[in-house]
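See below for the structure under consideration.
Taken together, the values in this text are just the output of simple stated rules run on the coordinates, not laboratory data. Keep in mind that what you see is a predicted model, and the values were worked out from it rather than measured. As a convention, Cβ positions derive from the backbone with ideal geometry for all residues, glycine included, and neighbour counts pool all protein chains shown.
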Ligand code: AMP
């Protein structure tokens with residue numbers, strides 16, 4: 001069954017040791033849906049301003065991502081800028097302009113409520129709450145997962161913490177996990193996050209892989225080794241796309257399903273870092289995904 005995603009569609013300006021992209025197409029919902037659609041139907045809820053070139057999302061439409069839930073509002077599109085350190089893992093946000101995202105109040109259509117699974121991509125936690133309330137909340141058959149970022153941990157902490165009690169899985173990077181519960185030790189940080197409500201936490205560690213933590217099991221996957229990392233922006237969202245996409249396609253949301261979803265998340269993220277913006281995802285094929293998935297399994301299975 002399908003996935004409803006709410007998140008950002010954005011203009012990103014990114015500097016990495018490999019070069020620079022200005023006002024490139026980005027946003028958490030864009031990356032997520034491009035990746036997840038290889039696995040399952042995806043409906044997007046997001047907002048852009050009337051300065052946004054809608055034809056830049058043609059690659060999503062061609063893949064049958066349903067973007068009819070994209071609201072076009074008078075004003076400027078959300079903008080984000082970031083700069084990566086020489087190790088390509090550490091990132092500094094240099095600018096965030098919410099623009100039309102301020103005051104965004106999504107209204108779900110009936111078809112949005114039909115999806116079993118919901119991904120609350122990186123976005124204002126108040127909007128994530130709103131979508132969850134309108135989508136039927138707890139009691140839905142599938143997985144509700146969410147992501148967040150330092151900007152919202154700093155600015156909307158209370159709303160974010162109460163959200164964690166409403167989701168099954170939090171997908172977050174290591175620095176943000178530490179920041180969220182104010183603990184430098186990642187083991188304790190994951191345990192504290194579990195205390196806040198979700199039944200699983202996925203902690204992403206850039207090139208060092210990702211760990212799935214529940215009360216009963218820990219499961220780690222490495223990152224797929226990529227020799228040419230150009231731009232890591234959106235790696236977290238594409239990881240989430242592969243992860244949620246696999247859960248939706250397989251319908252297996254138990255612990256073994258979550259473990260396999262980690263492998264798919266790593267594979268999808270590894271493609272995204274190979275070029276700026278959504279370029280690599282736009283050219284990606286199913287064969288490339290299944291080849292890399294098979295090669296990755298060989299690498300991580302004794
Ligand atoms: P990732 O590299 O997976 O963390 O995702 C980066 C994407 O998140 C970029 O395309 C940005 O447009 C988007 N983004 C950056 N800051 C925010 C924010 N505060 N809220 C929502 N999306 C954001």
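Given the convex hull of the Cα atoms of the range 162-281, what is a quarter of its surface area in nm²?
Numbers: hull surface 29.2 nm².
With the hull built on Cα positions only, its mean projection is 7.3 nm².
How long are the semi-axes of the equivalent ellipsoid of the range 45-135, taking √(5λ) for every eigenvalue λ of the Cα gyration tensor, in whole Å from largest down? Walk me through the numbers before you get to the answer.
Values: eigenvalues 124, 57, 50 Å².
Each semi-axis is the square root of five times an eigenvalue, giving 25, 17, 16 Å.
Suppose the chain between residue 301 and residue 18 were pulled fully straight at 0.36 nm per residue; how much longer would it get relative to their current alpha carbon spacing? Spell out each step's value before the answer.
Values: separation 283, 0.36 × 283 = 101.88 nm, distance 3.23 nm.
Working it through step by step, the gained length comes to 98.6 nm.
Want the number for residue 94 to residue 191: 0.36 nm per residue separation, take away the alpha-carbon distance, what's left? Spell out each step's value before the answer.
Details: separation 97, 0.36 × 97 = 34.92 nm, distance 3.09 nm.
Taking residue 94 through residue 191 to full extension adds about 31.8 nm, to one decimal.
How many times 2.2 N^0.38 Å is the alpha carbon radius of gyration of the range 31-90? Mind showing how you got there, number by number?
On the way: Rg = 14.2 Å, N = 60, 2.2 N^0.38 = 10.4 Å.
Ratio of Rg to 2.2 N^0.38 Å for the range 31-90: 1.37.
Roughly what would the spin-label model give for residue 85 and residue 56, points 7 Å off Cα along C-beta, in nm?
Placing both labels 7 Å along Cα→Cβ, they lie 2.9 nm apart.
Report, in deg cm²/dmol and to the nearest 500, the calculated mean residue ellipticity at 222 nm for the chain, where each DSSP H run with n ≥ 4 adds -39500 (n - 2.57) and the sum is divided by the residue count.
Numbers: 12 runs with 114 residues, N = 302.
-11000 deg cm²/dmol, from helical runs alone.
Ratio of the range 136-227's C-alpha Rg to 2.2 N^0.38 Å, to two decimals? Working shown, then result.
Numbers: Rg = 13.3 Å, N = 92, 2.2 N^0.38 = 12.3 Å.
Its radius of gyration relative to the 2.2 N^0.38 Å reference: 1.08.
Have a look at the range 1-154 and give its Rg and Dmax from the Cα atoms, expressed in angstrom.
15.4, 47
What is the pair-distance distribution P(r) of the range 227-282, computed from all Cα-Cα distances in 10 Å bins starting at 0, with each bin given as a whole percent?
P(r) for the range 227-282, in whole percents per bin: 29, 45, 21, 5.
Can you pull the three principal axis extents for the Cα set of the range 86-179, in Å, largest first?
In descending order, the Cα extents are 45, 27, 24 Å.
Quote the convex hull volume per residue of the chain, based on C-alpha atoms, as a whole number of Å³. Before the final figure, lay out each step's value.
Values: hull volume 36.2 nm³, N = 302.
Value for the chain: 120 Å³ per residue.
For the residues 153, 25, 172, 72, what sequence is obtained by ranking on other C-beta atoms within 10 Å, fewest first?
Numbers: 153 20, 25 23, 172 26, 72 14.
Neighbour counts put them in this order, fewest first: 72, 153, 25, 172.
According to a simple spin-label model (label point 7 Å from Cα along Cα-to-Cβ), what is the distance in nm between residue 183 and residue 133?
3.1 nm
Only Cα pairs under 8 Å and at least 6 apart count here; give the relative contact order of the range 210-302 as a rounded whole percent.
Result for the range 210-302 is 32 percent.
Can you grab the distance from the C-alpha centre of the range 169-185 to the C-alpha centre of the range 83-156, Å, no decimals?
Centre-to-centre (Cα) distance: 16 Å.
Could you give the nm distance between label points at residue 259 and residue 287, where each point is 7 Å from its Cα heading toward the beta carbon?
Distance between the two pseudo-spin positions: 3.2 nm.
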